[in-house]
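S.K.: Below you'll find the structure I mean.
Quick note: the coordinates plus some simple rules give every number you see, no bench work behind them. Worth saying up front: this structure is predicted, and the values here are computed from it rather than measured. With ideal geometry, Cβ positions are generated from the backbone for all residues, glycine too; neighbour counts draw on all protein chains shown.
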Amino acid sequence: MPVPVPRQRAIPAVESGQAPAASTGGPSGDPGAVAPRREDTAQNTSDTTATVHHTNLTLLLIEDDPGGSPIVPELLDQTGKPIRVRTARNLTEAERLLTDDVHCILLDLALPAPGRAGETDDELAVLRHVLELAPRHAVLALTASGDAERGAEAVRVGAQDYLFRDELDGRLLSRAIQYAVERKRSDTAERRLAEGRMRAQENRRLERGLLPTPLLEGSSLRFAARYRPGRSRALLGGDFYDVVRTPDGTVHAMIGDVCGHGPDEAALGVELRIAWRALTLAGLCGDQLLNTLQQVLEHERADDEIFATLCTVDIAPDGRRAGLCLAGHPAPLVIRPGLPGAPGPAAAAGVPTPRLLPYDNNGPALGLLPGARWPRMQVELGAEWSLMLYTDGLIEGRVGAGGERLGQDGMVEMISRQLAAGLTGEELLRAAVTEVRELNGGELTDDVAVLLLDRVP
């Protein structure tokens, strides 16, 4: 079940260079903007090397006296379009002008830091404040000539680049702005990719932790299971299973299937499995247990049409008989040693023979009928046997070009061949799931869960 992730603010289209910035007035589309002078467009265009989308760039200049010391010359992007300039004399004005259509910030590091003078010895306090204020914008640091150390430190703190105040010209600043915007876009994409990978890793760890660990201490039964969710890149689907041994020596096994294949169905399957284990360890079984599980399903499901099928088996302490309850679920498969003289070549050769357990008293799926009943059938297993529980994903795959489904009869035939090849336990389950996928001609669309209990004297 994937971990819910808080919704994050979408990056504005203009921030990623995908949409034109809004025009709000003035010669450059901004109040207080410095209108750039047009010179040789062709020369400026040929000297600009950074790649940006065909949209007007907007620069926010933060400098304490931009009118008195015009440090920003005329700016053109690589297509010859003017780069719009907004000006702010302090951080308060900058916060007001920092809208989504701003692509880059040019910050004078000589600007006083927030608060009273002398409160901090951090020479880059103003830069840190701007980076916190505008975490998704490209930032260029402006410093005095010869103060390269401070400029390099600004880049280490988080600026995309630094420039010397008295060496600025239109071509240099235009290139720097476009480079900073592209670098910020690349850094943002890389960060989001890393965050996505981390969330995927956390989801995988969580889903792995939600898969059951059988409680079979003290039992002589051998256990094997295979699980394959239908969702792409998921580890957990709407199918669920579990096996526990109660203090009286009875082994209880269960397998179920929540309709649907999404994360909500996976979460509901985990809830039902945990509820089944708790109720079983508390001593409930049969009709009483399934009725309580139906109440859990009705309370937890997101939609009244959601239902779940279930198969429960309780194996007596001597291992020779079991109680079986079916809630709209396919009947388990029992495998016994072949008896010489019995019908069929496999039996004659002593190969184990599979057959389906009775399906006569099957009750409805959980969540369909209020007040439903689920009869418990007594099944004789014998001294040596294997019991295979599975979900319908194993039998509903397609077979051949005609689109016919494998079905239970096809599954019995398939398991017979694999038993004749000497496969048992985990190898048998792995071969069964692999062959079902191959017969389907590719990945199965439904979840598949299958477990096997073996009793060997």
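S.K.: Modelling each spin label as a point 7 Å along the Cα-to-Cβ direction, I'd like the ARG165/GLU217 distance in nm, to one decimal.
M.R.: Reported label-point gap for ARG165 and GLU217 is 7.3 nm.
S.K.: Taking a ≥ b ≥ c as the square roots of the eigenvalues of the Cα gyration tensor of segment 352-457, is the shape rounded (a/c under 1.5), prolate (a/b larger than b/c) or oblate?
M.R.: On the way: a/c = 2.12, a/b = 1.12, b/c = 1.89.
Note, shape of segment 352-457 comes out oblate.
S.K.: Mind listing the phi-derived Karplus ³J(HN,Hα) values for segment 159-164, rounded to whole Hz, using 6.51, -1.76 and 1.60 with θ = phi - 60°, and x for any glycine or proline?
M.R.: Listing the rounded values in order: 5, 7, 6, 9, 9, 8 Hz.
S.K.: Say each of GLU413 and ASP100 gets a label point 7 Å from the Cα, pointing the same way as Cα to Cβ; how far apart are those two points in nm?
M.R.: Reported label-point gap for GLU413 and ASP100 is 6.0 nm.
S.K.: Now, a different point. Given a Förster radius of 41 Å and the C-beta distance between GLU93 and GLN201 as r, what FRET efficiency does 1/(1 + (r/R0)^6) yield to the nearest 0.05?
M.R.: On the way: r = 43 Å, r/R0 = 1.05.
In this case the efficiency is close to 0.45.
S.K.: For ASP360, put the label point 7 Å out on the Cα→Cβ axis and report which residues of segment 276-313 keep their amide N under 17 Å from it.
M.R.: none
S.K.: Neighbour counts of other C-beta atoms within 10 Å: give me ILE255, ILE274 arranged from fewest to most.
M.R.: ILE274, ILE255
S.K.: So what are the ³J(HN,Hα) numbers for segment 399-410, from phi and the Karplus equation (6.51, -1.76, 1.60; θ = phi - 60°), rounded to whole Hz, Gly and Pro as x?
M.R.: After applying 6.51 cos²θ - 1.76 cosθ + 1.60, I find 10, x, 6, x, x, 5, 7, 4, x, 5, 5, x Hz.
S.K.: On a full-extension model of 0.36 nm per residue, what is the gain between ASP64 and GLN288, subtracting their alpha-carbon distance, rounded to one decimal in nm?
M.R.: Going from the current span to full extension adds 72.9 nm.
S.K.: With an 8 Å cut-off on Cα pairs and a minimum separation of 6 or more residues, tell me the relative contact order of segment 212-455 in percent.
M.R.: For segment 212-455, the relative contact order is 24 percent.
S.K.: Please work out the FRET efficiency for the pair ARG373 and LEU439, using the Cβ-Cβ distance as r and a Förster radius of 41 Å; give the result to the nearest 0.05.
M.R.: On the way: r = 37 Å, r/R0 = 0.90.
Efficiency, rounded to the nearest 0.05: 0.65.
S.K.: If we sort 385-391, 429-435 on the protection proxy, mean other Cβ atoms within 10 Å, highest first, what's the order? If you can, show how the numbers build up before the last one.
M.R.: Values: 385-391: 24.1, 429-435: 18.1.
Taking the mean over residues of other Cβ atoms within 10 Å, the ranking is 385-391, 429-435.
S.K.: Cα gyration tensor of segment 212-455, axes a ≥ b ≥ c as square roots of the eigenvalues: rounded (a/c below 1.5), prolate (a/b > b/c) or oblate? Numbers along the way, then the final one.
M.R.: Details: a/c = 1.73, a/b = 1.17, b/c = 1.48.
Since a/c reaches 1.5 but b/c is at least a/b, the shape of segment 212-455 is classed as oblate.
S.K.: Select from ALA420, GLY338, THR445 the residue farthest towards the positive end of the dipole of segment 307-457; place +1 on Cβ of Lys and Arg, -1 on Cβ of Asp and Glu, and compute about the Cα centre.
M.R.: GLY338
S.K.: Then there is this: So how strong a dipole does segment 212-455 carry about its Cα centre when Lys and Arg Cβ are +1 and Asp and Glu Cβ are -1, to the nearest 20 debye?
M.R.: 660 debye
S.K.: Quickly work out the GLU149-to-GLU426 label distance, labels modelled 7 Å from Cα along the C-beta direction, and quote it in nm with one decimal.
M.R.: Once both label points are built, they end up 6.1 nm from each other.
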